[in-house]
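Below is one structure, written out as structure tokens; the observations come after it.
Just so you know, all these numbers are worked out from the coordinates, no wet-lab data involved. Since the structure is predicted, the reported quantities are computational estimates derived from the model, not experimental observations. Cβ atoms come from the backbone with ideal geometry, glycine included; neighbour counts cover every protein chain shown.
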Amino acid sequence: MNKAITVIKGDGIGPEITAQAVRALEKIAAKFGHEFTFGYALMGGCALDEYGVPLPEETIDMCRESDAVLLGAVGGPKWDYGPGHLRPEAGLLGIRGALGLFANIRPVKLFPALKKSCPLKDAAQKIDMIIVRELTSGAYFGDRRTYTDEEGYKTAYDTMKYNDYEIRRIARVAFDLARKRGKGLISVDKANVLDSSRLWREIVKDVRAMDYLDVELSDMLVDNAAMQLIRNPAQFDVIVTENLFGDILSDEASMLTGSLGMLPSASLGSSGLGLYEPIHGSAPDIAGTDTANPTAAILSAAMMLRFSLEMEREADEIETAVTRVLNRGYRTADIICKSELSSCEVVGCEKMGRLIADEIK
Ligand code: IPM
Ligand code: MG
């Protein structure tokens, strides 16, 4: 199959990790007889430098014309001073919005080889869940303002606003996933305090009543969910939550897998076009040192094969390659733990990527 993939390397470690994801995809293309055409587009700080805006129109157009988008990460101290709309992150929110990518799927799975890197004492319990994060509404996209009020106080607000349609469509994505996995859905909100959460809870229940009575549903308050993720992560299978809560809980949950550097994600909309990115940021402090973990980016490429390109076997192949490399004892710096220093080998970003690509034969 011929597929056009737009690659947005971004800033910081973005270029290093996406290079390794592209490398894995190239091996997949060779092995399975596909042709992937990679087109490169700018977004984030590098786009600010080049075009003066974090998300050039060209980038949006190129994404729209491709079969899938692979993204590294954006942001860095160099661009931290501009107004909100001229920050690299505005590019990321802009592309999510422009492509209508309302459903962010974040699988949190502990590779057996990394049990020792999980900070919980009893990591033997199974950690295998999916966080479904609403991605194009809530506080990230609501009305906001920074101003000086009548009494002279500097003031700022962000509005966490949801309508029933936005809740309904993300709930359906989560119910569909939960139905496939067969272990129920946990909807996370703050309905004891927030109006937007009370609506969230009502609509999620309504969606279930209409079409998903076979899927078990429970509600959990976000503060409790944050605690339960540490107390007993095995109780979670599919979680659905709004944008900001999903951002926070997914970083928390990622640590259960050993490192933020292990978690891929897929952002999907109703058009079928998907954007695939690691959940971690651009880590400017280690950019260019060849120490980043490319695994999340490589696993994001696997999600791309599965969700956007209908290449299930190819996706499995990448995931198996990652499993094998970890089983053989190779670790990037973020996933090595002290007790494994003598039995494991610490490798850099490039070598980790090469080892994984070499497993695709
Ligand atoms: C994420 C990131 C982004 C977010 C940042 C970089 C804007 O943290 O994808 O989780 O908050 O959505
Ligand atoms: Mg985040």
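Could you give the C-alpha radius of gyration of the stretch 1-53 expressed as a fraction of 2.2 N^0.38 Å, taking N as the number of residues it contains? Display every interim value, and only then the final one.
On the way: Rg = 13.1 Å, N = 53, 2.2 N^0.38 = 9.9 Å.
My calculation over the Cα atoms of the stretch 1-53 gives 1.32.
Once each part is reduced to its C-alpha centroid, what is the distance from the stretch 36-52 to the stretch 284-361 in angstrom?
Between the Cα centres of the stretch 36-52 and the stretch 284-361 lies a distance of 25 Å.
Counting helices only, and only those DSSP H runs with n ≥ 4, report the 222 nm mean residue ellipticity of the chain as the sum of -39,500 (n - 2.57) divided by its residues, in deg cm²/dmol to the nearest 500. Each step should come with its number before you reach the end.
Values: 11 runs with 141 residues, N = 361.
Result for the chain, helices only: -12500 deg cm²/dmol.
Calculate the all-directions average of the projected area of the stretch 1-157's alpha-carbon convex hull, and give it in nm².
Numbers: hull surface 54.3 nm².
For the Cα atoms of the stretch 1-157, the hull's average projected area reads 13.6 nm².
Any chance you could tell me what percent of the C-alpha pair distances in the chain go past 26 Å?
Working: 33136 of 64980 pairs.
Taking all Cα-Cα pairs of the chain, the fraction more than 26 Å apart is 51 percent.
Sort E57, E166, E89, E277 so that the residue with the fewest other Cβ atoms within 10 Å of its own Cβ comes first and the one with the most comes last.
On the way: E57 10, E166 21, E89 18, E277 30.
By the 10 Å Cβ count, ascending, the order reads E57, E89, E166, E277.
Hey, fewest Cβ within 10 Å first, where do T295, T241, T148, T320 land in order?
Details: T295 32, T241 28, T148 9, T320 13.
With the sparsest Cβ surroundings first, the list reads T148, T320, T241, T295.
Using only the Cα atoms, what convex hull volume per residue in Å³ does the stretch 31-120 have?
180
Restricting the calculation to Cα positions, tell me the Rg (one decimal) and the Dmax (whole number) of the stretch 228-346 in Å.
15.6, 49
For E26 and Y51, FRET efficiency with R0 = 25 Å and r from the beta-carbon atoms, rounded to 0.05? Walk me through the numbers before you get to the answer.
On the way: r = 29 Å, r/R0 = 1.14.
Computed FRET efficiency for Y51 and E26: 0.30.
What is the order of E35, E319, E252, E314, fewest Cβ neighbours within 10 Å to most?
E35, E252, E319, E314
Non-local amide H neighbours of L185 (under 5 Å, H modeled in plane, Pro and chain starts lacking H): which ones?
E216, L217, S218
Can you check how the C-alpha radius of gyration of the stretch 119-257 compares to 2.2 N^0.38 Å, as a plain ratio? Can you show the working numbers first?
Details: Rg = 16.6 Å, N = 139, 2.2 N^0.38 = 14.3 Å.
In units of the 2.2 N^0.38 Å rule of thumb, it is 1.16.
Among DSSP bridges having both ends in the chain, what percentage is antiparallel? Round to the nearest 5. Spell out each step's value before the answer.
Working: 20 of 49 bridges.
Counting only bridges with both partners in the chain, antiparallel ones make up about 40 percent.
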